[in-house]
1. Identify, by number, the condition in (1) surrounded by fewer than 15 Cβ atoms within 10 Å (Cβ to Cβ); (2) not in a helix (DSSP H, G or I) that ASP202 doesn't meet.
2. Do we have ASN12 as of a type outside the set (Phe, Trp, Tyr) and at pLDDT below 95 here?
3. Is there a residue in the range 105-112 that is of a type outside the set (D, E, K, R), over 23 Å from the mean Cα position of the chain (by Cα) and in the same structural domain as PHE246 (by TED's automatic domain parsing)?
4. If I filter the range 50-71 for residues that are among the charged types (D, E, K, R), under 21 Å from ARG376 (Cβ atoms) and either in contact (Cβ under 8 Å) with a residue 40 or more places away in the chain or surrounded by 14 or more Cβ atoms within 10 Å (Cβ to Cβ) (or both), do I get at least one hit?
5. Out of ASP254, ASP145, I need the residue that is among the acidic types (Asp, Glu), under 18 Å from ASN285 (Cβ atoms) and either in contact with a strand residue (DSSP E or B) (Cβ under 8 Å, 6 or more places away or on another chain) or surrounded by 15 or more Cβ atoms within 10 Å (Cβ to Cβ) (or both). Which one?
6. Identify, by number, the condition in (1) over 25 Å from ASN169 (Cα atoms); (2) at pLDDT 90 or above that PHE308 doesn't meet.
7. Filter the range 87-101 down to residues that are surrounded by fewer than 21 Cβ atoms within 10 Å (Cβ to Cβ) and outside any helix (DSSP H, G or I) and give me whichever is farthest from the chain's Cα centre (by Cα).
8. Could you pull out the residue among TYR59, TYR78, TYR47 that is assigned by TED's automatic domain parsing to the domain that holds THR143, out of contact with any Phe, Trp or Tyr (no Cβ under 7 Å at 6 or more places or on another chain) and assigned to a helix (DSSP H, G or I)?
Amino acid sequence: MKKILKLLKFLNTRKFFYDKPPEKKIIIFDTKSEKFISYLFEKKEYYVLDVSLDKINLYIILKLILNFKKLNFHNYFYEIIKKINPEYIFTFIDNAISYYRLKKEFKNIKFISIQNGIRFVTGDILEHFKTDKNIYFIDHYFTFDENYTNAIGKHIKGNYSIVGSFKNNSFSINKNYEKGSICYISRMSDIFLDFSNTMSQDKLKKNYDNWEKDLLNFVLVLLKNIKTLCLEKKTKLNILGSSPNFKKENVLFDHLIGSKNYNFYPRKETYDSYKTIEKFEVLINPMSTFGYEAIARKKKVCFFYGDFIEGSNINLQQDNKKGNFFSDSNEYGEVKRIINYLIDVDEASWSSELKKYNKKRFFYDKNNSKIKEFLRVNKITKKWDK
C-alpha cells in the first residue's frame, strides 16, 4: 500500500505527453547536463533525455506495456534510446550509476562522460563501488585530475582525458585582487539549510549520515575560528554563497559571523561565483568543488578537511595530513598558520608550490579546448569545424 501511495504521489507531480522520440545523432543525458554542455552542439543535433522524469512520455510507457516489459526507470530510458538510435550519448552527471548500466545495453553507441564535480569516496560513486564489484565501461571520460582518473578507472574501464573542470575552464585567469582580502567558500548542503531553521544540531528535521553531521560540526568550528582571526586582523570576512536559497544562507551566516563582520556574495546566477572570486587574495575551502576549481586557476586557496569524508585529503600522500595550504585540523592555530602563509607568499613561490600537485589534483584547460578538439576530430558535431 505504501508503494502505491508513493507512486501516486510521484505521478501527481509529473507532466505527461505523447510523442515518438525523433532520431538524433546525439543524446544529452538529463536536463541538468543540457544546461551546461548543450552549447557544444548544434541545437538540431541532439535530444535531451529527461532523467528526472519531470515529463513522462506516454508513448514510451505504452511501448513497454505492449512488449510486456517491467515499468521501471532503466527500461524507460532504454526504450527511448532505442527509438532515437543515436551515435553518441553525453552526460554531465558523471556519477550516475544508471548511465553506466545503460552502456552495457548499447555497445555500439558511444557513451561520453564529463566530470562535473570533485569526487571524494564518502557519499559518492566511489563509495558505491565498495559494494558493487561489477566492472562498467565508458567510451570516453573527461575528468578533473589524475587522482580521480586512477580511482574511477578501476571500476569504469575506457578512454580517459584530464581536462579539469568544464565550468571553470570557461573563465580566464587574472590576478586583480585586493591584497590581504579573505573569502570563505560556502558549502550549503541540505544539512546546513536544515540547521539554519533552528540553529541547533539537536533539532535537525531528518536523519543524516554520520559524515554529514561531522561535516556540519567541523564547519561550525572552522567558521568560529575564521571569525576570530578576521576580528584579530581587523579584516572583514567575505563569504561566497553557494545555495540558490541565498536568503536562508545569509541568515545562517548572520547568526554564525555577525551581520556587521562580513560581506555576503550570494549565488543568484549559475556562474556568479566564478567572476566574484577574482576580487579576493585568499580563499578558504571546506571540502567543496569550487575550491579545487579556484586553485586550478592559480588562486591562493586553503583546504580544511576531515577524515570523516574519505578521500578529502588534498595531499595524495595520506600520511602527511598537513601542508603549507592544507590541514585536517580546524583549530585556530592551523587556521591562522595557513591563512598567514597564503597572504605572505608571493606569486612566484605560490606557482612553485602548485607545481607539486598540477595535473594530479589541479588542471585548467582554457575554453575547454581539449573537448572541442575531441568533438571536431571525431566529427561528432559541425559546430567546432575550423
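1. (2)
2. Numbers: of a type outside the set (Phe, Trp, Tyr): yes; at pLDDT below 95: yes.
In short, yes.
3. For the range 105-112, residues of a type outside the set (D, E, K, R), over 23 Å from the mean Cα position of the chain (by Cα) and in the same structural domain as PHE246 (by TED's automatic domain parsing): absent.
4. Taking the range 50-71 and keeping what is among the charged types (D, E, K, R), we get 50, 54-55, 63, 69-70.
Checking the rest, the ones that are also under 21 Å from ARG376 (Cβ atoms) come to none.
The answer is no; no qualifying residue exists.
5. On the way: ASP254 fails: under 18 Å from ASN285 (Cβ atoms).
The conditions single out ASP145.
6. Going through the list (1) over 25 Å from ASN169 (Cα atoms); (2) at pLDDT 90 or above, PHE308 breaks only (2).
7. The selected residue is GLU87.
8. Values: TYR59 fails: out of contact with any Phe, Trp or Tyr (no Cβ under 7 Å at 6 or more places or on another chain); TYR47 fails: assigned to a helix (DSSP H, G or I).
The match here is TYR78.
The values are calculated or read from the model by the stated rules, or taken from the named source; none is laboratory data. Just so it is clear, the structure is predicted and the values come from calculations on it, not from any experiment. Neighbour counts run over all protein chains shown; Cβ positions are idealised from the backbone, glycine included.
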